[in-house]
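The values are calculated or read from the model by the stated rules, or taken from the named source; none is laboratory data. Just so we're clear, the structure is a prediction, and the values are computed from it rather than from any experiment. Cβ placement follows ideal geometry from the backbone for every residue including glycine, while neighbour counts extend to all protein chains displayed. The accessibility values were calculated without ligands, DNA or RNA, using every heavy atom of the protein model including side chains. Shrake-Rupley method; radii C 1.70, N 1.55, O 1.52, S 1.80 Å.
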Amino acid sequence: MKQHKRKITILVIVLLLLIGFFLPLPFYLETPGTAESLNKFVTVDGKRDRRKGHYMLTTVALQQARPLTYLWSKTQPFAETVSKESLMGGASNRTYEQMQTYYMQSSINDAITVAYRRAGEAYHKKYRGIYVMSLLAGSKFKGHLAIGDTVTKIDGHAFKSAQQFINYVKRQRVGQKVTVTYTHKQQVKTTAQALIKLPGTKRPGLGITLVDHSQVKTDIPVKVNVGEIGGPSAGTMFTLEIYDQLTGGKLRRGRKIAGTGTMDAKGNVGAIGGIDKKVVAASRAGATIFFAPDDPVTKADKKADPNYKNNYAVAKSAAKRIHRKIKVVPIKTFSDVVNYLKK
């Protein structure tokens, strides 16, 4: 009898452990990620940056919560639970991953543009077409076009912006067939399908979510290979790494410098999420300087959330909490970054 009870007890314990480790909960955990040296991602003129010190991009670790990891997160000062809706905005996992890939590539293009313009080096922006971000369930192109494809022509017409594509389709009729030329995994293909009536409108459309897909070409070759890292938040640090290589590497002076923030083609730095966790990751990697977007706090922000703090304020508070020697520097533009490091 005792042996039977012991077996039942063991089975219950094993079952609870399996549930604790493997049962997915309907939300995610955000925790401090890593601080990655940018010299392993970026080459300029065929050369890697081998100077002393590092520029580093920072990441947030994201994992689907399990019962045991959720309980563990409650003991961690910089762990946060995030719903799938707030993280992905209703997109599927595949669409979300494709969006992150697009945002990273767009961020790299803008980083190259800003770095080369600031360094006085030649660059050329080439419009490639429209990038397919998602397809509506009722789209006739579903099963032909795929997320991540680039549409280059409609009915043989090439355009210079997504808006021009949209304007052309607007002039057609619902149910009319159009021929789409597109690239799928670097292969050029065509498909002819009927336009649908877009939900909530009377307008015809392909039934896809689209954004501009551009590429930057440079006289001095530059390559950025980020592997599986996605999203736009490393734009500022990519710009800095590329610019410093173009101009002789005089800004870093042996220091470990981290930061975050989007970068647009005009050199403006934008806010990102999870900055407190990125400060922790940077500090753990030995960074002594951390660049943080200093986005303006508007009346609308305060009205929506009286306790709202911008990226810089959150980053500065995080640095204070971990009691480590890391200087949080507020930035609004790439010029702010360069001017600070020139001091």
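For region 13-60, carbon and sulfur atoms together expose 65% of the accessible surface, with a 1.4 angstrom probe and every protein chain in place.
When you count the other C-beta atoms within 10 angstrom of each residue and take the mean per peptide, 211-219, 183-191, 288-296 line up highest first as 288-296, 211-219, 183-191. Proximity of backbone amide H atoms, modeled 1.01 Å from N, is registered between residue 153 and 181 at under 5 Å, excluding neighbours fewer than 5 places apart on the same chain. What pairs in 40/325; 266/325; 299/325; 299/343 have C-alpha atoms more than 27 Å from each other? Pairs exceeding the cut-off: 266/325; 299/325; 299/343. Here the translational diffusion coefficient of region 30-143 follows from Stokes-Einstein with Rh set to the Kirkwood radius across Cα pairs; for 25 °C and 0.890 mPa s it amounts to 135 µm²/s.
Computed per residue of the chain from DSSP H runs no shorter than four, each worth -39500 (n - 2.57), the mean residue ellipticity at 222 nm is -10500 deg cm²/dmol. Highest mean first, the peptides 171-178, 12-19 sorted by other C-beta atoms within 10 Å per residue fall in the order 171-178, 12-19. Model label points for residue 302 and residue 164, set 7 angstrom from Cα along the Cα-to-Cβ axis, are 4.5 nm apart. Among complete DSSP H helices in the chain, those whose alpha-carbon atoms stretch at least 15 Å along the helix's long axis and whose mean Kyte-Doolittle hydropathy reaches 1.0 are 2-22.
For region 90-175, the square roots of the Cα gyration tensor eigenvalues, ordered a ≥ b ≥ c, give a/c of at least 1.5 with a/b no greater than b/c, which places it in the oblate category. For region 24-88, the solvent-accessible area of protein heavy atoms averages 54 Å² per residue (probe radius 1.4 Å; ligands and nucleic acids excluded).
A Förster distance of 22 Å, applied to the separation of the beta-carbon atoms of residue 34 and residue 209, puts the FRET efficiency at 0.10. Taking trypsin sites (Lys or Arg not before Pro) across region 14-80, the ones in a DSSP loop with at most 12 further Cβ atoms lying within 10 angstrom of their Cβ are 50, 52, 74.
Taking packing as the residue-averaged number of other Cβ atoms within 10 angstrom, the listed peptides 280-286, 250-256 run from highest to lowest as 280-286, 250-256. Among the listed pairs 160/197; 125/170; 74/256, a Cα-Cα separation exceeding 29 Å is found for 74/256.
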